[in-house]
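So the structure is just underneath, and the comments pick up after that.
The values are calculated or read from the model by the stated rules, or taken from the named source; none is laboratory data. Owing to the predicted nature of the structure, the values given are computational and were not obtained by experimental measurement. Ideal geometry is used to build each Cβ from the backbone, glycine not excepted, and the neighbour counts take in all protein chains shown. To get the accessible areas, we keep the full protein, side chains included, count just its heavy atoms, and leave off ligands, DNA and RNA. Shrake-Rupley method; radii C 1.70, N 1.55, O 1.52, S 1.80 Å.
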Amino acid sequence: MKKIIVVKIGGNASNKLPSTFFKQIQTWWHEGKQVLIIHGGGPQISKWSDKLHLDVEKINGVRVTDPETLDVTKAVLLGLVQPKLCQSIADFGLPVIGLNASDNHLLEGKYLNQSEYGEVGKITKINIAWLLQEMQNKIGVLAPLAQTQTGNWLNVNADTAAATIASQLNAESLVLLTDVPGVLKSGEVVPELTETFADELFQQHIIKSGMMPKIKASFSALKNGVHQTFITNDLGRPGTQFQYVEK
């Protein structure tokens, strides 16, 4: 089986992808690797929610999603962010396919805590066979939305979705591409991070709450079969690499 690389792109990062992003994707592709890109869109969703006078509320980094906000989330991810990203990849001369939960029951999920978060969920089942088939000859671009068994759409945290999907694909690498060059301490990138060190930095308020979902997702992926995980703002630089030490 071909080696798989999963790249998660944050909403801010997707607006200003450097040429090194596309060159690295191209290099992996020419090396015969399968590439799956999972894209967020938080800033764009917040922007359109404001325009439509919808409340923007987050609890522990999770966007509270009522039915109206879910509609905005789907429209932004599937109608704005994904097509733009697919077009950019195609313009670089690479084959690409946009994917979402409704494609052959691709991502199934269940509610996280409907009374607290609304239409927010976590992924419980992935149609791996179909996904691998679609990725044989194309780079996949996937939105972090899931559907319940009865067809209700769910908003899923993109970092968590990327870790879950990368784990089930037994990916070689998971790269979380964000708008900072890695986990920072005193303005410098921490090249390697263990869970113990991450906890220390969080207790010292060096790691802020917004970075914690990415760090948790990175360690979760490592524990569940992904060979290596990174946080960076440029695929041409490694940023922070995560090290899982069994306790």
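Can you tell me which of 31-39, 102-110, 179-187, 4-12 comes out highest on packing, and rank the rest after it, using the mean Cβ neighbours within 10 Å? Please report the intermediate quantities before stating the final value.
Numbers: 31-39: 20.1, 102-110: 18.0, 179-187: 15.3, 4-12: 23.6.
Going by the mean number of other Cβ atoms within 10 Å, highest first, we get 4-12, 31-39, 102-110, 179-187.
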Scoring the chain by relative contact order with C-alpha pairs under 8 Å, at least six apart, yields a percentage of 22
Given R₀ = 25 Å, what would the calculated FRET efficiency be for ASP179 paired with ASN224, taking r from the Cβ atoms and rounding to 0.05? 0.45
Looking at the square roots a ≥ b ≥ c of the eigenvalues of the Cα gyration tensor of region 199-247, which shape do they give, rounded for a/c under 1.5, prolate if a/b is larger than b/c, or oblate? oblate
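Of the listed peptides 156-169, 79-92, what is their order by residue-averaged count of other C-beta atoms within 10 Å, with the highest listed first?
Numbers: 156-169: 25.4, 79-92: 15.9.
Taking the mean over residues of other Cβ atoms within 10 Å, the ranking is 156-169, 79-92.
Contour minus end-to-end for GLN168 and LYS3, with contour as 0.36 nm per residue of separation and end-to-end as the Cα-Cα distance? Could the numbers behind the result be given before it?
Details: separation 165, 0.36 × 165 = 59.40 nm, distance 1.31 nm.
My answer for the length gained is 58.1 nm.
What is region 37-154 by shape, rounded, prolate or oblate, if you read a ≥ b ≥ c off the alpha carbon gyration tensor as root eigenvalues and call it rounded for a/c under 1.5, prolate for a/b larger than b/c, and oblate otherwise?
Oblate, since a/c reaches 1.5 and b/c is not below a/b.
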Distance in nm between GLU200 and LYS33 label points, each 7 Å along Cα→Cβ, equals 3.0
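Using a 1.4 Å probe on the protein chains only, how many percent of the accessible area of region 4-243 belongs to carbon and sulfur?
Numbers: 5150 of 10830 Å².
Carbon and sulfur together cover 48 percent of it.
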Would you mind getting me the FRET efficiency between LYS58 and SER186? Use the beta-carbon distance for r and R0 = 22 Å, nearest 0.05. 0.20
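Assuming 0.36 nm per residue, please report the length gained on full extension of the stretch LYS125 to LEU80 beyond their Cα-Cα distance.
Numbers: separation 45, 0.36 × 45 = 16.20 nm, distance 2.59 nm.
This chain segment gains 13.6 nm when fully extended.
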Dipole-positive endmost among PRO18, SER218, VAL76 within the chain (Cβ charges, Cα centre): PRO18
Partner lysines for LYS84 [C-alpha distance under 18 Å; skip if fewer than 8 residues away on the same chain]: LYS8, LYS16, LYS23, LYS47, LYS74, LYS138
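Would you mind getting the accessible area per residue of region 4-243, heavy atoms of the protein chains only, 1.4 Å probe, in Å²? Present the calculation step by step, with values, prior to reporting the outcome.
Values: 10830 Å² over 240 residues.
Per-residue accessible area for region 4-243 comes out at 45 Å².
Where both partners of a DSSP beta bridge lie in region 4-243, what percent of those bridges are antiparallel, to the nearest 5?
Working: 14 of 42 bridges.
If I count the DSSP bridges inside region 4-243, around 35 percent turn out antiparallel.
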On full extension of the chain, what length is gained from ASP66 through LYS51, given 0.36 nm per residue of separation minus the C-alpha to C-alpha distance? 3.8 nm
